[in-house]
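The values are calculated or read from the model by the stated rules, or taken from the named source; none is laboratory data. Just so it is clear, the structure is predicted and the values come from calculations on it, not from any experiment. Note: ideal-geometry Cβ built from the backbone for every residue, glycine included; neighbour counts use all protein chains shown.
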Amino acid sequence: MTQKDDQPRPVKEFRGAPLPEPARLAGYSALIERFDLQIPLPPYLAAIGMRRKPSSSEHWLLIASRQAVPTNLAGHLEFALKHEGVNLSVLSALFRVAPKKEIEEWISAAPGGANTRRTWFIYEWLTGETLDVPPVPRIRAVPVINRSKQFGLEGGKRSSRHSVIDNLPGTREFCPLVRRTEKLDAFEAHGFDQLAREVIGQTHPDVVARAAAFLLLKDSKSSFFIEKEKPSAKLAARWAQAIAEAGSRPLTVEELERLQKIVIADTRFVDLGLRKIGGFVGDHDRTTREPLPDHISARWDDLDSLMRGLASYSNRAKVNKVDAVTTAAVLAFGFVYIHPFEDGNGRIHRWLFHHVLCAAGYNPPGVVFPISSAIYKRIDEYKHVLESYSRPLSQFIDWCPTTEGNVEVLNETADYYRYFDATRHAEFMYECVQQTVERDLPDEVAYLESYDSFSSQVLQIVDMPNRMVDLLHRFLSQNRGTLSKRVRENEFRLLTDKEVIAMEKAYASAFAGVMDRSEEEEVLSDETS
């Protein structure tokens with residue numbers, strides 16, 4: 001590999017990513033440039049500014065100019081691990097082309113250094129090759145992941161050879177990482193799981209059960225709507241049952257294949273199980289029928305390894321108590337990028353959110369957070385999060401069309417799906433959890449309590465069947481708390497004027513300050529029918 005001149009010079013942008021101000025590349029950005037690594041640009045990089053107090057941004061950390069600019073491979077690795085944390089995507093690509101001897105000499109010269117030991121372990125973990133390095137001194141082991149910078153296992157297995165604790169959340173087959181951000185730290189500290197339990201603990205069990213049933217069906221329907229599909233009532237209920245059972249079994253490829261059978265109502269034209277062909281998300285040219293991909297899935301011959309890794313990540317994170325919401329984001333978005341099945345990937349992708357949260361005991365027993373409903377309300381943002389990685393990834397995949405209108409991937413792509421930065425995905429996931437806990441769940445409880453109050457008052461005015469109370473409520477909600485002339489002359493023509501006035505007052509008092517969900521129910525019903 002011919003190396004580029006690494007003499008540092010200030011730059012204003014790097015591979016299309018603008019810096020907040022001119023700075024010298026250092027760490028991962030410098031290694032990507034020096035070795036011309038063909039990988040999607042990490043969403044967070046560091047550089048050394050030209051001023052004593054440079055300005056950083058969401059995507060760039062600028063270090064003060066008094067920091068010496070690294071001039072060699074070892075210096076950039078040390079800088080990267082210190083300021084940017086572990087980036088397996090960069091390191092995997094780097095270790096294929098960087099001089100092995102140079103890495104060995106750096107580690108041998110300072111075997112006790114925390115970052116030299118981390119590099120040593122990660123090199124052998126990624127490549128499966130053993131470096132020619134003398135035994136490490138008897139010193140305290142350091143974690144591979146600095147948990148003040150990134151999410152990793154609380155514990156981990158000690159590697160005596162490297163004197164490190166392997167607290168990587170996944171295995172070599174699948175290990176996306178999540179950086180700690182101010183937003184994620186604030187979300188984690190907020191304790192949405194405990195807030196949900198407080199709402200449930202203050203609510204009558206009967207109301208909780210009814211709220212849970214409605215939110216479960218709402219989530220099932222919303223997951224279909226995201227795919228622009230209108231499920232039958234039977235299919236929506238069937239998928240709701242699958243969601244209700246999420247987290248009750250260990251995550252395996254067989255379990256995911258079982259779910260695919262539930263998702264695909266008509267299997268005559270779909271080969272179930274892991275793909276044996278290429279895959280992409282997008283359209284076809286109307287004239288030539290050639291594929292027009294928005295996203296290209298993992299190669300089918302990499303699926304066994306990737307899916308084993310995904311299942312291992314799930315079990316490893318659960319046992320070692322990695323934050324449940326970030327784990328859910330990694331698994332769900334990792335799954336949908338891999339796209340292992342010919343059909344049904346989208347709904348199973350969202351089922352994985354429920355699986356992780358339920359398996360971790362994050363949500364109250366028997367209550368499913370309507371994550372798909374939250375996503376449906378934020379559909380544009382959801383697509384933006386998906387494309388935040390899939391769009392830049394597409395330029396690094398070499399493919400050609402097949403005669404069947406599919407794609408054939410021509411280069412090695414497995415690492416693109418194994419190691420990606422899932423930070424934005426985790427932030428989005430937490431935003432959806434926040435909406436379900438702070439709005440959806442309390443609103444549903446408040447609605448049911450208001451409905452019960454309304455029903456009780458109506459029955460004190462006139463004794464009528466529950467179905468008529470429900471119909472009365474629906475007409476009142478549709479007409480902003482009053483019964484229309486048409487309704488009074490037809491369905492409720494037997495009511496006196498005095499009784500109508502009393503019922504309208506009952507509705508006003510019961511639903512004062514509470515959002516009536518009837519209109520939402522009608523939309524869901526219409527979209528399903």
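Data for the structure
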| read-out | value |
| --- | --- |
| Residue, surrounded by the fewest Cβ atoms within 10 Å (Cβ to Cβ), within the stretch 233-265, restricted to residues that are touching a residue at least 24 places away in the same chain (Cβ under 8 Å) and outside any helix (DSSP H, G or I) | 248 |
| From the options 102, 84, residue that is of a type in the set (Asp, Glu), at pLDDT 95 or above, surrounded by fewer than 17 Cβ atoms within 10 Å (Cβ to Cβ) and in contact with a Leu (Cβ under 9 Å, 6 or more places away or on another chain) | 102 |
| Unmet criterion (only one of (1) surrounded by fewer than 18 Cβ atoms within 10 Å (Cβ to Cβ); (2) under 30 Å from residue 172 (Cα atoms); (3) of a type in the set (A, V, I, L, M)) for residue 471 | (2) |
| Where residue 157 falls short, out of the listed (1) touching a helix residue (DSSP H, G or I) at 6+ places or on another chain (Cβ under 9 Å); (2) farther than 20 Å from residue 42 by Cα | (1) |
| Residue ranges of helices (runs of 4 or more DSSP H) in the stretch 402-474 with at least 2 members among the acidic types (Asp, Glu) and within 18 Å of residue 214 (Cα to Cα) | 441-461 |
| Breaking point among (1) more than 30 Å from residue 168 (Cα to Cα); (2) modelled with pLDDT of 95 or more; (3) hydrophobic (A, V, I, L, M, F, W, C), for residue 428 | (1) |
| Single residue of 73, 61 found to be outside the structural domain of residue 386 (by TED's automatic domain parsing) and within 29 Å of residue 184 (Cβ to Cβ) | 61 |
| Matching option when the condition is farther than 23 Å from residue 375 by Cβ, in the same structural domain as residue 425 (by TED's automatic domain parsing) and within 24 Å of the chain's Cα centre (by Cα), among 261, 276 | 261 |
| Criterion (free of Cβ contacts under 8 Å to residues at least 60 places away in the same chain, of a type in the set (Gly, Ala, Ser) and in contact with a Gly (Cβ under 8 Å, 6 or more places away or on another chain)) met by exactly one of 80, 74 | 80 |
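Residue-wise test of (1) surrounded by 14 or more Cβ atoms within 10 Å (Cβ to Cβ); (2) touching a Gly at 6+ places or on another chain (Cβ under 8 Å); (3) under 16 Å from residue 297 (Cα atoms).
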residue	(1), (2), (3)
381	no, no, no
388	yes, no, yes
404	no, no, no
411	no, no, yes
416	yes, no, yes
426	yes, no, no
432	yes, no, no
